[in-house]
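Before any comments, here is the structure.
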Amino acid sequence: QQQVKQSPQSLIVQKGGISIINCAYENTAFDYFPWYQQFPGKGPALLIAIRPDVSEKKEGRFTISFNKSAKQFSLHIMDSQPGDSATYFCAATSNNAGNMLTFGGGTRLMVKP
Amino acid sequence: DAGITQSPRHKVTETGTPVTLRCHQTENHRYMYWYRQDPGHGLRLIHYSYGVKDTDKGEVSDGYSVSRSKTEDFLLTLESATSSQTSVYFCAISRKPDEKLFFGSGTQLSVL
(Lines give C-alpha, C1' and ligand atoms only; values in the text may rest on other atoms or scores of the structure.)
Protein backbone atom coordinates (compact mmCIF):
# COMPACT_ATOMS: atom_id res chain seq x y z
CA GLN A 1 0.00 0.00 0.00
CA GLN A 2 1.14 3.54 -0.67
CA GLN A 3 1.73 5.35 2.59
CA VAL A 4 2.20 8.74 0.95
CA LYS A 5 -0.39 9.79 -1.62
CA GLN A 6 0.46 12.66 -3.92
CA SER A 7 -1.82 14.73 -6.16
CA PRO A 8 -2.21 15.78 -8.86
CA GLN A 9 -0.22 13.46 -11.13
CA SER A 10 0.30 16.28 -13.59
CA LEU A 11 -0.12 20.02 -13.46
CA ILE A 12 0.01 22.79 -16.03
CA VAL A 13 0.47 26.35 -14.79
CA GLN A 14 0.99 29.63 -16.59
CA LYS A 15 4.18 31.56 -15.99
CA GLY A 16 3.77 33.72 -12.91
CA GLY A 17 1.05 31.54 -11.44
CA ILE A 18 1.04 29.48 -8.25
CA SER A 19 1.71 25.74 -8.45
CA ILE A 20 0.27 23.65 -5.63
CA ILE A 21 1.05 19.98 -5.04
CA ASN A 22 -0.53 18.06 -2.20
CA CYS A 23 0.49 15.01 -0.21
CA ALA A 24 -1.30 12.97 2.44
CA TYR A 25 0.27 10.39 4.69
CA GLU A 26 -1.01 7.64 6.95
CA ASN A 27 1.79 6.89 9.38
CA THR A 28 1.52 9.25 12.36
CA ALA A 29 5.11 8.42 13.31
CA PHE A 30 6.44 10.30 10.26
CA ASP A 31 8.41 13.33 11.38
CA TYR A 32 10.43 14.45 8.36
CA PHE A 33 8.81 15.59 5.14
CA PRO A 34 11.09 16.51 2.22
CA TRP A 35 10.27 17.49 -1.33
CA TYR A 36 12.50 16.42 -4.20
CA GLN A 37 12.72 17.97 -7.66
CA GLN A 38 13.72 15.94 -10.70
CA PHE A 39 14.62 17.22 -14.15
CA PRO A 40 14.51 14.86 -17.17
CA GLY A 41 17.50 12.54 -17.32
CA LYS A 42 18.65 13.47 -13.83
CA GLY A 43 18.29 12.04 -10.36
CA PRO A 44 15.99 13.75 -7.85
CA ALA A 45 17.48 16.52 -5.73
CA LEU A 46 16.30 17.83 -2.37
CA LEU A 47 14.31 21.03 -2.80
CA ILE A 48 12.97 21.83 0.66
CA ALA A 49 12.04 19.89 3.80
CA ILE A 50 9.99 20.39 6.96
CA ARG A 51 9.67 18.81 10.37
CA PRO A 52 6.32 18.82 12.20
CA ASP A 53 7.35 21.34 14.85
CA VAL A 54 6.46 24.13 12.39
CA SER A 55 3.43 24.58 10.14
CA GLU A 56 5.19 26.35 7.30
CA LYS A 57 8.65 26.68 5.81
CA LYS A 58 9.61 29.06 3.05
CA GLU A 59 12.73 29.11 0.88
CA GLY A 60 12.57 31.69 -1.86
CA ARG A 61 9.57 30.97 -4.08
CA PHE A 62 9.03 27.53 -2.53
CA THR A 63 6.86 27.00 0.56
CA ILE A 64 5.87 23.85 2.42
CA SER A 65 2.62 24.00 4.39
CA PHE A 66 2.13 21.28 6.98
CA ASN A 67 -1.13 20.24 8.67
CA LYS A 68 -0.37 17.65 11.32
CA SER A 69 -3.98 17.01 12.37
CA ALA A 70 -5.04 16.37 8.78
CA LYS A 71 -1.85 14.41 8.02
CA GLN A 72 -1.30 16.52 4.94
CA PHE A 73 1.47 18.68 3.56
CA SER A 74 1.77 20.66 0.39
CA LEU A 75 4.31 22.44 -1.81
CA HIS A 76 3.52 25.89 -3.13
CA ILE A 77 5.61 27.39 -5.91
CA MET A 78 4.99 31.12 -6.17
CA ASP A 79 5.59 33.04 -9.40
CA SER A 80 6.10 29.77 -11.27
CA GLN A 81 8.72 29.88 -14.03
CA PRO A 82 9.31 27.66 -17.09
CA GLY A 83 12.55 26.55 -15.40
CA ASP A 84 10.44 25.04 -12.60
CA SER A 85 9.07 22.49 -15.08
CA ALA A 86 10.07 19.18 -13.53
CA THR A 87 8.71 16.22 -11.62
CA TYR A 88 8.20 16.80 -7.91
CA PHE A 89 8.12 14.08 -5.27
CA CYS A 90 6.99 14.41 -1.70
CA ALA A 91 8.35 11.97 0.84
CA ALA A 92 8.14 11.11 4.51
CA THR A 93 10.03 9.17 7.12
CA SER A 94 10.35 8.86 10.86
CA ASN A 95 13.32 9.20 13.12
CA ASN A 96 12.96 5.59 14.23
CA ALA A 97 15.92 3.43 13.38
CA GLY A 98 15.50 1.59 10.13
CA ASN A 99 12.72 3.75 8.71
CA MET A 100 13.53 4.84 5.21
CA LEU A 101 11.99 7.56 3.06
CA THR A 102 8.61 6.69 1.55
CA PHE A 103 7.95 8.66 -1.64
CA GLY A 104 4.71 9.84 -3.18
CA GLY A 105 3.89 8.96 -6.79
CA GLY A 106 5.22 12.22 -8.23
CA THR A 107 3.72 15.27 -9.95
CA ARG A 108 4.82 16.33 -13.39
CA LEU A 109 4.71 20.14 -13.50
CA MET A 110 4.74 22.11 -16.72
CA VAL A 111 4.96 25.88 -16.55
CA LYS A 112 3.86 27.50 -19.80
CA PRO A 113 5.59 30.71 -20.91
CA ASP B 1 25.65 14.44 -8.80
CA ALA B 2 27.39 14.69 -5.42
CA GLY B 3 30.13 12.16 -6.11
CA ILE B 4 27.88 9.27 -7.09
CA THR B 5 28.53 7.24 -10.20
CA GLN B 6 26.12 4.66 -11.51
CA SER B 7 27.12 2.13 -14.16
CA PRO B 8 26.04 1.28 -16.70
CA ARG B 9 23.81 4.25 -17.60
CA HIS B 10 21.80 2.17 -20.06
CA LYS B 11 21.39 -1.57 -20.45
CA VAL B 12 19.24 -3.81 -22.58
CA THR B 13 19.09 -7.46 -21.61
CA GLU B 14 17.01 -10.55 -22.19
CA THR B 15 14.59 -12.23 -19.81
CA GLY B 16 16.31 -14.77 -17.58
CA THR B 17 19.79 -13.27 -17.72
CA PRO B 18 21.60 -11.98 -14.62
CA VAL B 19 22.25 -8.25 -14.39
CA THR B 20 24.41 -6.27 -11.98
CA LEU B 21 24.20 -2.53 -11.51
CA ARG B 22 26.96 -0.66 -9.72
CA CYS B 23 26.88 2.42 -7.55
CA HIS B 24 30.12 4.10 -6.50
CA GLN B 25 30.33 7.04 -4.08
CA THR B 26 33.19 9.29 -3.09
CA GLU B 27 31.38 11.01 -0.19
CA ASN B 28 32.00 8.35 2.49
CA HIS B 29 28.30 8.38 3.41
CA ARG B 30 27.18 5.51 5.62
CA TYR B 31 23.80 4.84 3.99
CA MET B 32 23.34 3.71 0.41
CA TYR B 33 20.06 2.89 -1.31
CA TRP B 34 18.71 1.41 -4.49
CA TYR B 35 15.38 2.78 -5.77
CA ARG B 36 13.40 2.02 -8.86
CA GLN B 37 11.30 4.67 -10.58
CA ASP B 38 8.18 3.76 -12.51
CA PRO B 39 5.41 6.06 -13.79
CA GLY B 40 2.72 6.56 -11.17
CA HIS B 41 4.69 4.75 -8.48
CA GLY B 42 7.25 7.39 -7.69
CA LEU B 43 10.44 6.04 -6.19
CA ARG B 44 10.27 2.71 -4.45
CA LEU B 45 13.02 1.40 -2.22
CA ILE B 46 14.51 -1.94 -3.26
CA HIS B 47 17.31 -2.46 -0.76
CA TYR B 48 19.48 -0.28 1.40
CA SER B 49 22.75 -0.55 3.29
CA TYR B 50 23.77 1.02 6.58
CA GLY B 51 27.37 -0.10 6.50
CA VAL B 52 29.79 -2.55 4.95
CA LYS B 53 28.10 -5.93 4.73
CA ASP B 54 25.00 -4.50 6.46
CA THR B 55 21.98 -4.50 4.19
CA ASP B 56 18.22 -4.73 4.52
CA LYS B 57 15.19 -5.11 2.32
CA GLY B 58 13.02 -2.30 1.11
CA GLU B 59 9.49 -2.16 -0.19
CA VAL B 60 10.08 -4.04 -3.47
CA SER B 61 12.99 -6.40 -2.81
CA ASP B 62 11.68 -9.59 -4.46
CA GLY B 63 13.93 -10.63 -7.35
CA TYR B 64 16.80 -8.40 -6.26
CA SER B 65 19.89 -8.89 -4.13
CA VAL B 66 22.58 -6.46 -3.03
CA SER B 67 26.09 -6.48 -1.71
CA ARG B 68 28.34 -3.91 -0.09
CA SER B 69 31.90 -5.10 0.41
CA LYS B 70 33.36 -1.58 0.59
CA THR B 71 31.99 1.70 1.91
CA GLU B 72 32.06 3.24 -1.53
CA ASP B 73 30.43 0.46 -3.59
CA PHE B 74 26.87 -0.88 -3.53
CA LEU B 75 25.87 -3.49 -6.10
CA LEU B 76 22.34 -4.40 -7.16
CA THR B 77 21.87 -7.80 -8.80
CA LEU B 78 18.90 -9.13 -10.68
CA GLU B 79 19.53 -12.87 -10.54
CA SER B 80 17.18 -13.65 -13.44
CA ALA B 81 15.80 -10.53 -15.06
CA THR B 82 12.10 -10.32 -15.88
CA SER B 83 10.20 -7.81 -18.01
CA SER B 84 8.59 -6.37 -14.87
CA GLN B 85 12.05 -5.22 -13.82
CA THR B 86 12.28 -2.85 -16.76
CA SER B 87 12.68 0.46 -14.98
CA VAL B 88 14.96 3.34 -14.14
CA TYR B 89 17.17 2.47 -11.20
CA PHE B 90 18.59 5.14 -8.92
CA CYS B 91 21.30 4.84 -6.34
CA ALA B 92 21.23 7.30 -3.45
CA ILE B 93 23.41 8.04 -0.45
CA SER B 94 22.94 9.81 2.86
CA ARG B 95 24.60 10.24 6.21
CA LYS B 96 21.39 9.28 8.03
CA PRO B 97 17.94 8.04 6.86
CA ASP B 98 16.22 11.30 7.78
CA GLU B 99 18.82 13.54 6.20
CA LYS B 100 19.27 14.71 2.64
CA LEU B 101 19.51 12.00 0.02
CA PHE B 102 21.90 12.51 -2.87
CA PHE B 103 20.90 10.63 -6.01
CA GLY B 104 22.93 9.36 -8.90
CA SER B 105 21.92 9.95 -12.51
CA GLY B 106 20.16 6.62 -12.86
CA THR B 107 20.40 3.47 -14.96
CA GLN B 108 17.78 2.82 -17.62
CA LEU B 109 17.29 -0.97 -17.72
CA SER B 110 15.20 -2.66 -20.38
CA VAL B 111 14.43 -6.37 -20.07
CA LEU B 112 13.15 -7.81 -23.33
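The values are calculated or read from the model by the stated rules, or taken from the named source; none is laboratory data. Please read these numbers as outputs of a predicted model, since none were measured by experiment. All Cβ positions, even for glycine, are placed from backbone atoms using ideal geometry, and neighbour counts span all protein chains on display. Accessible surface is based on the protein model in full, side chains and every heavy atom, while ligands, DNA and RNA are left aside. Shrake-Rupley method; radii C 1.70, N 1.55, O 1.52, S 1.80 Å.
Between the beta carbons of A:I18 and B:E99, assuming R0 = 35 Å, the FRET efficiency works out to 0.75 to the nearest 0.05.
Below 8 Å between Cα atoms, with a sequence gap of 6+, how large is the relative contact order for the range A:1-41 in percent? Intermediate values should be presented prior to the final figure.
Numbers: 21 pairs, mean separation 17.1, N = 41.
Relative contact order comes out at 42 percent.
Residues of the range A:15-45 whose accessible area, computed with a 1.4 Å probe over protein heavy atoms, drops by at least 40 Å² once all protein chains are present relative to their chain alone are A:Y36, A:G43, A:P44. Take B:T15 and B:D38, extend 7 Å from each Cα along the Cα→Cβ direction, and tell me the distance between the two endpoints in nm. The two pseudo-label positions are separated by 1.5 nm. Model label points for A:E26 and B:T5, set 7 angstrom from Cα along the Cα-to-Cβ axis, are 4.1 nm apart. Magnitude of the charge dipole for chain B, about its Cα centre and with charges confined to Cβ atoms of Lys, Arg (+1) and Asp, Glu (-1), is about 200 debye.
For a paramagnetic label modelled at 7 Å from the Cα of B:S67 toward its Cβ, which residues of the range B:1-35 fall within the zone defined by backbone nitrogen distances under 19 Å? Only B:6-8, B:17-25, B:32-34 pass the distance filter. Residues in the range A:1-75 average 54 Å² of solvent-accessible surface per residue, probe 1.4 Å, ligands and nucleic acids excluded.
When B and A come together, around 1600 square angstrom of accessible surface is lost from both chains combined, probe 1.4 Å. In the context of the full set of protein chains, residues of chain B present 46 Å² of accessible surface per residue (probe radius 1.4 Å, heavy atoms only).
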